[in-house]
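*Asks:* If you scroll down you'll find the structure; I have some questions about it.
The values are calculated or read from the model by the stated rules, or taken from the named source; none is laboratory data. Only a predicted model underlies this, so the values are computations on that prediction, with no experimental measurement involved. Cβ: placed from backbone, ideal geometry, glycine included. Neighbour counts: every protein chain shown. What goes into the accessible areas is simple: the full protein's heavy atoms, side chains included, and nothing from ligands, DNA or RNA. Shrake-Rupley method; radii C 1.70, N 1.55, O 1.52, S 1.80 Å.
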Amino acid sequence: MGQGRPRVAVVGAGPSGLYAAAALAADPAGVDVDVIDRLAAPYGLVRYGVAPDHVRMKAVIRVLQQPFEPGTVRFLGNVHVGEGGIDLEELRRHYHAVVHATGCSVDRRLGVPGEELDGVIGSGEFVSWYSGHPDRITLDPPLAHPGVAVVGAGNVALDVARVLAKSADEMAETDIPDPVLDVLRGSGVTDIHILVRRGPQHVRFTPAELRQIGELAHADVIVHDDGQLAAGAREEHGGDKRQKQNLAMLDAWTQVQPAGKSRRIHLRFLRSPVEILGDGDGRVRGVVIERNAIVDGRVVATGERETLDVGLVVPAIGYDAHPIPGLPFDPATGTVPNVGGRVVRDGEPVAGAYVTGWIKRGPTGVIGTNKSDGHETAAAVLADLPNLPEPARPEPGAIRAALDDHGIRYVDWAAWQRLDAEEIRLGGERGNARVKVADRVAMLAACHPAP
Ligand SMILES: Cc1cc2nc3c(=O)[nH]c(=O)nc-3n(C[C@H](O)[C@H](O)[C@H](O)COP(=O)(O)OP(=O)(O)OC[C@H]3O[C@@H](n4cnc5c(N)ncnc54)[C@H](O)[C@@H]3O)c2cc1C
């Protein structure tokens, strides 16, 4: 390594990238860290995934932003690393090491006929839309039809169902952008069917999330469990405290009459979608579901089918990643092969290349899981830095000049703070803490106001 301070780029300003950046910047030897994100706003899925009505969960932002405040870490937003932005090879000319923290943003597919129909929208896309992600703000999901199917047994399925079950007035209290609110105001959705492949004893919901759907002002919860809970499933928690709580809640719900609220969330256990039906115009008009049975712990289709009348199907069955050009990729896991954060190709480390977060370990775990993960990767970078070759352009200002040359109008921390302030101002107009700006042009205009 040369005489100057080592320079590290972290690509991705989600929690994993920001935890890694903070750990790198805290090294007493002194490391220059730039955090690069394709969006003008930082925080990844904390901003664009965590449900808008889960305000307390988003408070982690106060921790994630800390390294930017004294300028220990620098932000370069609105910079896509890859096609149409700055490519990895060029980035490597400016940094001793690059930590990739780009997450997994591709929806897993159901693999059933009809999935290409208009009105099948993966949870990643759907959540991005209501969260005001600039890539999805024009999505306009079909909400005129009373029925919606959400496929999945995790918290994301519950998030989607809850957002659809709340009234627009309730959602207006969150930071969702006005165009999303307008669509929700026109919603004709009354029945949200959550399709769970296995039985109530197998769900992966966290009890706090499950409880919330039972507390909705305008929606009843109706459990369709084929009598599984009464037949003994309520005792099949295997000593797992969370599962015991889930089963107690579900069991209690089977024993109360719906209150006659204007919307309903149907939890349909042991059901899988087998075909999505379309109308003559290629729009979803129904979903064929098949009953499953659990035989020796395995899910077995029974052949018994029925059709649900729905106009929207939201598969919430997990995520995949796009390969990162220039790095190895394992399509089976949707991750970049690595050992403790060091990228490996054919078993050999790729000098100066690291990963953290979902792209490192797959799309699992909570926000906090990314802290230890980011720290592990940062430790690997710090251990390797003394032996990494000097980049061609290590001067601190060179990357900004290169971005200027490419005509990329990057967003630094001060510029992001102007957008942040604008969102807080808009929030004030709606009586909230914040309302998001979702249009890319408007975001950049708020970052770089005309003089
Ligand atoms: C719908 C949903 C709800 C969730 N809710 C919760 C919750 O309530 N509580 C909880 O603890 N966890 C929740 N999680 C999990 C949590 O959000 C993840 O664990 C965490 O965000 C993963 O962090 P990450 O940094 O790996 O990826 P991400 O958060 O996805 O960050 C990746 C970042 O990389 C950027 N990026 C991608 N490609 C490029 C590129 N080519 N160039 C530059 N930048 C790029 C993206 O813009 C993004 O900012 C939720 C996840 C989802 C999907």
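*Asks:* Take the residues in the range 352-388 that are at pLDDT below 95 and open to solvent by 80 Å² or more (accessible area, probe 1.4 Å), then tell me which one is farthest from the ligand (Cβ to nearest atom).
*Replies:* Result: THR364.
*Asks:* What's the number of the only condition in (1) more than 27 Å from PHE126 (Cα to Cα); (2) in a strand (DSSP E or B); (3) touching a Leu at 6+ places or on another chain (Cβ under 7 Å); (4) open to solvent by less than 60 Å² (accessible area, probe 1.4 Å) that ILE276 fails to meet?
*Replies:* Among (1) more than 27 Å from PHE126 (Cα to Cα); (2) in a strand (DSSP E or B); (3) touching a Leu at 6+ places or on another chain (Cβ under 7 Å); (4) open to solvent by less than 60 Å² (accessible area, probe 1.4 Å), the lone unmet condition for ILE276 is (1).
*Asks:* May I ask you to say which residue of HIS218, HIS193 is of a type outside the set (Gly, Ala, Ser), without any contact (Cβ under 8 Å) to a residue 60 or more places away in the chain and open to solvent by 10 Å² or more (accessible area, probe 1.4 Å)?
*Replies:* Details: HIS193 fails: without any contact (Cβ under 8 Å) to a residue 60 or more places away in the chain.
Of HIS218, HIS193, the one residue that is of a type outside the set (Gly, Ala, Ser), without any contact (Cβ under 8 Å) to a residue 60 or more places away in the chain and open to solvent by 10 Å² or more (accessible area, probe 1.4 Å) is HIS218.
*Asks:* Do the conditions hold for GLY124, that is, is it within 20 Å of HIS322 (Cα to Cα) and not in a loop (DSSP other than H, G, I, E, B)? Before the answer, list the steps.
*Replies:* Working: within 20 Å of HIS322 (Cα to Cα): yes; not in a loop (DSSP other than H, G, I, E, B): yes.
Taking the combined requirement at face value, the residue satisfies it.
*Asks:* Another one. Among the residues of the range 326-343, write down those that are loosely packed, with under 15 Cβ neighbours inside 10 Å and β-branched (Val, Ile, Thr). Steps first, answer last, please.
*Replies:* Just the residues of the range 326-343 that are loosely packed, with under 15 Cβ neighbours inside 10 Å, to begin with: 330-333, 339-340.
If the condition is that a residue be loosely packed, with under 15 Cβ neighbours inside 10 Å and β-branched (Val, Ile, Thr), then THR333, VAL339 are the ones that fit.
*Asks:* So, one more: Kindly indicate whether any position in the range 276-291 is among the small types (Gly, Ala, Ser) and closer than 15 Å to PRO146 by Cβ. First the steps, then the outcome.
*Replies:* Step one: filter the range 276-291 for residues among the small types (Gly, Ala, Ser), giving 278, 280, 282, 286.
If we keep only those that are closer than 15 Å to PRO146 by Cβ as well, we get 286.
Checked the range 276-291: at least one residue is among the small types (Gly, Ala, Ser) and closer than 15 Å to PRO146 by Cβ.
*Asks:* Please tell me if VAL437 is farther than 19 Å from ASP32 by Cβ, touching a Leu at 6+ places or on another chain (Cβ under 7 Å) and either free of Cβ contacts under 8 Å to residues at least 12 places away in the same chain or surrounded by 22 or more Cβ atoms within 10 Å (Cβ to Cβ) (or both).
*Replies:* Details: farther than 19 Å from ASP32 by Cβ: yes; touching a Leu at 6+ places or on another chain (Cβ under 7 Å): yes; either free of Cβ contacts under 8 Å to residues at least 12 places away in the same chain or surrounded by 22 or more Cβ atoms within 10 Å (Cβ to Cβ) (or both): yes.
When the stated conditions are applied, VAL437 passes them.
*Asks:* Looking at the range 84-93, is at least one residue within 14 Å of the ligand (Cβ to nearest atom) and free of Cβ contacts under 8 Å to residues at least 40 places away in the same chain?
*Replies:* There is at least one residue in the range 84-93 that is within 14 Å of the ligand (Cβ to nearest atom) and free of Cβ contacts under 8 Å to residues at least 40 places away in the same chain.
*Asks:* Condition first: at pLDDT 95 or above, of a type in the set (A, V, I, L, M) and more than 13 Å from the ligand (Cβ to nearest atom). Now tell me which residues in the range 324-351 satisfy that.
*Replies:* VAL339, VAL343, VAL344, VAL350, ALA351
*Asks:* Then there's this: Examine the range 165-182 for a residue that is within 11 Å of ILE213 (Cβ to Cβ), of a type in the set (A, V, I, L, M, F, W, C) and either in contact with a Leu (Cβ under 9 Å, 6 or more places away or on another chain) or touching a residue at least 12 places away in the same chain (Cβ under 8 Å) (or both), and state whether such a residue exists.
*Replies:* From the range 165-182, those within 11 Å of ILE213 (Cβ to Cβ) are 165-166; that's our starting set.
Still in the list and also of a type in the set (A, V, I, L, M, F, W, C): 165.
Subset that is either in contact with a Leu (Cβ under 9 Å, 6 or more places away or on another chain) or touching a residue at least 12 places away in the same chain (Cβ under 8 Å) (or both): 165.
Yes, the range 165-182 contains at least one residue that is within 11 Å of ILE213 (Cβ to Cβ), of a type in the set (A, V, I, L, M, F, W, C) and either in contact with a Leu (Cβ under 9 Å, 6 or more places away or on another chain) or touching a residue at least 12 places away in the same chain (Cβ under 8 Å) (or both).
*Asks:* Of all residues in the range 99-119, which are under 14 Å from ILE317 (Cα atoms), away from the ligand (no atom under 16 Å from the Cβ) and open to solvent by less than 30 Å² (accessible area, probe 1.4 Å)?
*Replies:* Hits for the range 99-119 are VAL112, GLU115.
*Asks:* Are any residues in the range 347-370 over 21 Å from ARG7 (Cα atoms) and in contact with a Pro (Cβ under 8 Å, 6 or more places away or on another chain), and if so, which ones?
*Replies:* ILE367, ASN370
*Asks:* Being part of a loop (DSSP other than H, G, I, E, B), within 14 Å of the ligand (Cβ to nearest atom), of a type outside the set (Gly, Ala, Ser) and in contact with a helix residue (DSSP H, G or I) (Cβ under 7 Å, 6 or more places away or on another chain), is that true of even one residue in the range 412-433?
*Replies:* Within the range 412-433 (the criterion being part of a loop (DSSP other than H, G, I, E, B), within 14 Å of the ligand (Cβ to nearest atom), of a type outside the set (Gly, Ala, Ser) and in contact with a helix residue (DSSP H, G or I) (Cβ under 7 Å, 6 or more places away or on another chain)), the answer is no, since none of the residues qualifies.
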